[in-house]
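Asker: Below is a structure I'd like to ask you about.
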Amino acid sequence: MDAPYSFTCTAEVGDDGILALRPRGDIDIAARSVLTHAQLALRPGLRGVHLDFDAVPFMDTTVLRFLSSLHARCSAFAVPLRITGLRPQHHRLLTLAEYRLPTT
């Protein structure tokens, strides 16, 4: 019997005004609604967004839409985006998709 799917993404604003997004689990189509909800924590007035992929062992092309949407929201609110915790599988996917990480 398969274990139930569990993907989470915490969204917390620290005292420094940085929104920390921390996805946990595989990012695939089943994670899309959780990711969409998490990015709603992004709002004007934040000092930045830190997206940490350290607890994401695998991602598929679902992440491309999420990254594009998050980057667009950050740009609209003039909030810098920092991405950390990328693993070799993540880099391979982004390279194969010819996706350039946002550099805000």
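Values in this text are rule-based calculations from the coordinates and carry no lab data. Being a predicted model, the structure only gives us computed values, none of them experimental.
Asker: Just the number, please: percent antiparallel of the DSSP beta bridges in the chain, rounded to the nearest 5.
Answerer: Working: 6 of 16 bridges.
If I count the DSSP bridges inside the chain, around 40 percent turn out antiparallel.
Asker: Using the Kirkwood radius built from alpha carbon pairs, what does the Stokes-Einstein equation give as D for segment 20-96 at 37 °C and 0.692 mPa s, in µm² per second?
Answerer: Details: Rh = 12.7 Å.
Estimated diffusion coefficient is 259 µm²/s.
Asker: A further question on this structure: Return a whole-number percent for the relative contact order of the chain, with Cα pairs under 8 Å and 6 or more residues apart as the contact set.
Answerer: Computed over the chain, the figure is 26 percent.
Asker: Where does the chain land at 222 nm, in deg cm²/dmol rounded to the nearest 500, when only DSSP H runs of n ≥ 4 count, each adding -39500 (n - 2.57), divided by all residues? Write down the numbers at each step before the final one.
Answerer: Values: 3 runs with 32 residues, N = 104.
Only helices count here, giving -9000 deg cm²/dmol.
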